[in-house]
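**Student:** Starting off with a structure, shown below.
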Amino acid sequence: MRYRSVLCMGGCVVDRIGETTEARERLHTSNIGRMRSGIGGVARNVAENLARLGVPVGLVSAVGEDADGRRAVAASRAAGIDTQGVVVMTGAATASYTAIFNGAGELVIGLADMAIFDAIAPSAAEAALAAASDDTLLFVDANLPAATLEAVARAKRGRMLAAVPVSRQKLARFAAILPDLDILFLNRYEAATLLGREGGEPATLAQGLAAGPVKKGLLTLGPDGALAWEEDRVTQIPALPSRPVNVNGAGDALAAGTLARLAAGDDFIAAASRAMAAAALTVEAMETVRRDLSMEAMLARFDLSLRTETISR
Ligand SMILES: Nc1ncnc2c1ncn2[C@@H]1O[C@H](COP(=O)(O)OP(=O)(O)O)[C@@H](O)[C@H]1O
Ligand SMILES: O=c1[nH]cc([C@@H]2O[C@H](COP(=O)(O)O)[C@@H](O)[C@H]2O)c(=O)[nH]1
């Protein structure tokens, strides 16, 4: 069945993104650099991208009773997300993600202070799922506690469930629900962790994923695009040519673009191929989610890349 809306459950976060002036970071000392702040959280980023792509979307998350929380909710609502499922918790601070990139654009370290999400109980997810219609796709990130993720998997009732692990550490929270996931988006580090390996070539990792319990997904590879697996079939999906300025949020744009195209009727490979255009647009902006993203902009960028490819052949 085609779905008409998406319910995103997971992080709603304030991001602080710093960048050293020099290409190489200097560890164990103070670096000269720039810092900016924005709204993030994987589930929230995916929800914002979906709203901008024209898909009706709700968010289930938690914020503190503080200025950061008010800002995160107001910005999400202004972007078109239904924020009724975002609980304001007294006595807890809104989650934050502090990421330091070097001047070459590589992530040096990220720090996730997200204890507030431990209070999103299984009952909150059950209530949200009970209120969601049968044609709603469910999306989770691993900011949710394992017990809450398991409650979502139990209550999905035939609905599609898509997921993003968020980090190597939090991936472990998916352990019990992997067979319930219909689509998994993850990067090569998370894939290696999932497969219990130190590292490995992308093709080998993708084959390992295809032989595993998750039906289909995208192994994202930065500038090299992604490898899609569906049952035991692996397909390479190239990234579109782009001029990256900041890669923060690119994976979230790719996930949202894929879900939006599936809702429009594409098959998985076509959806992921077109969603590469959302990722290309996102890496070309400093923002984590582009305010000017739309389905028209995504498809126009995809068509442009096809024409450029034909001309340069
Ligand atoms: N440096 C880059 N140059 C061009 N495209 C990129 C770059 N980094 C990411 N992308 C695009 O964003 C997508 C997701 O990025 P990736 O970094 O692999 O995911 P994540 O953010 O989840 O780690 C890639 O498949 C690609 O389309
Ligand atoms: O433990 C977490 N780390 C990071 C994020 C979020 O991940 C996003 C960056 O995504 P990407 O990896 O696609 O660049 C940021 O907005 C940040 O808030 C999160 O939700 N949980």
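**Student:** Relative to a virtual label point 7 Å from the Cα of R70 in the Cα→beta-carbon direction, which members of segment 11-35 show backbone nitrogen distances below 16 Å?
**Tutor:** In segment 11-35, the label zone of R70 (backbone N under 16 Å from the point 7 Å along Cα→Cβ) covers no residue.
**Student:** Here is a follow-up. Which value, in Å to one decimal place, does the Kirkwood hydrodynamic radius take for segment 146-289 when every pair of different Cα atoms is included?
**Tutor:** For segment 146-289, the Kirkwood estimate is 15.4 Å.
**Student:** Could you tell me the relative contact order of segment 58-135? Use alpha-carbon pairs under 8 Å, at least six residues apart, and round to a whole percent.
**Tutor:** Relative contact order for segment 58-135 comes out at 31 percent.
**Student:** Ranked by accessible surface with a 1.4 Å probe, highest first, in what order do L27, L209 come?
**Tutor:** L27, L209
**Student:** Give the relative contact order (percent, whole number) for segment 160-313; include only Cα pairs under 8 Å separated by 6+ residues.
**Tutor:** Relative contact order comes out at 16 percent.
**Student:** Could you tell me which of rounded, prolate or oblate describes the chain, using a ≥ b ≥ c as the square roots of the eigenvalues of the alpha-carbon gyration tensor, with rounded for a/c under 1.5 and, failing that, prolate when a/b is larger than b/c and oblate otherwise?
**Tutor:** Taking the square roots of the gyration eigenvalues as a ≥ b ≥ c, the chain is rounded.
**Student:** Roughly how big is the chain's charge dipole about its Cα centre, with Cβ charges of +1 (Lys, Arg) and -1 (Asp, Glu), in debye to the nearest 20?
**Tutor:** That gives the chain a dipole magnitude of about 280 debye.
**Student:** Follow-up. Heads up, I need the accessible area for K216: 1.4 angstrom probe, whole protein in place, Å², nearest 10.
**Tutor:** 50
**Student:** Is the shape of segment 219-296 rounded, prolate or oblate, going by the alpha carbon gyration tensor and its root eigenvalues a ≥ b ≥ c, with a/c under 1.5 for rounded and a/b larger than b/c for prolate?
**Tutor:** Judged from the Cα gyration tensor, segment 219-296 comes out oblate (a/c at least 1.5, b/c at or above a/b).
**Student:** Considering only protein heavy atoms and a 1.4 Å probe, what is the carbon-and-sulfur percentage of the accessible area of the chain?
**Tutor:** With neighbouring chains kept in place, the figure for the chain is 53 percent.
**Student:** Could you check the simple spin-label distance between E231 and L27, using points 7 Å along Cα→Cβ, in nm with one decimal?
**Tutor:** 4.6
**Student:** While we're looking at this one, here's another question. Is the C-alpha gyration tensor of segment 262-313 telling us rounded, prolate or oblate? Criteria: a/c under 1.5 is rounded; beyond that, a/b larger than b/c is prolate, otherwise oblate.
**Tutor:** In terms of gyration-tensor shape, oblate.
**Student:** Further question on the same structure: May I ask you to derive the FRET efficiency for A203 and D267 from their Cβ-Cβ distance with R0 = 30 Å, giving the value to the nearest 0.05?
**Tutor:** It comes to 0.85.
**Student:** Quick one: putting +1 on the C-beta of Lys and Arg, -1 on the C-beta of Asp and Glu, what dipole do you get for segment 228-304 around its Cα centre, in Debye to the nearest 20?
**Tutor:** 260
**Student:** Taking only protein heavy atoms into account and a 1.4 Å probe, give the accessible area per residue of the chain in Å².
**Tutor:** 45
**Student:** Okay, moving on. So how much accessible area does Y97 have, in Å² to the nearest 10, using a 1.4 Å probe?
**Tutor:** 60
**Student:** Here's something else I'd like to know. Using a 7 Å offset from the Cα along the Cα-to-Cβ direction at both D135 and D303, what is the distance between the two label points in nm, to one decimal?
**Tutor:** My value for the distance between the label points is 2.6 nm.
**Student:** Starting from segment 1-88, pick out the GluC sites (Glu not before Pro) whose DSSP state is loop and whose Cβ has at most 13 other Cβ atoms within 10 Å.
**Tutor:** Those satisfying the criteria are E22, E65.
**Student:** Further question on the same structure: Accessible area of M89, 1.4 Å probe, to the nearest 10 Å²?
**Tutor:** Around 40 Å² of this residue is reachable by solvent.
**Student:** When only Cα pairs under 8 Å and 6 or more residues apart are kept, what is the percent relative contact order across the chain?
**Tutor:** Value for the chain: 16 percent.
**Student:** At a Förster radius of 25 Å, what calculated FRET efficiency corresponds to the Cβ-Cβ distance of A176 and E126, to the nearest 0.05?
**Tutor:** 0.95
**Student:** Quick check: with the 1.4 Å probe, what order do E201, E106 take by accessible area, largest first?
**Tutor:** Of E201, E106, the descending order of accessible area is E201, E106.
**Student:** Separate question: Going by Cα centres, segment 120-156 and segment 258-291 are how many Å apart?
**Tutor:** A separation of 24 Å, based on Cα centres.
The values are calculated or read from the model by the stated rules, or taken from the named source; none is laboratory data. As the structure is a prediction and not an experimental result, all values here were calculated from the model. A quick note on method: Cβ atoms are made from the backbone with ideal geometry, for glycine too, and the neighbour counts reach across all protein chains shown. Side chains included, ligands, DNA and RNA excluded: accessible areas come from the protein's heavy atoms. Shrake-Rupley method; radii C 1.70, N 1.55, O 1.52, S 1.80 Å.
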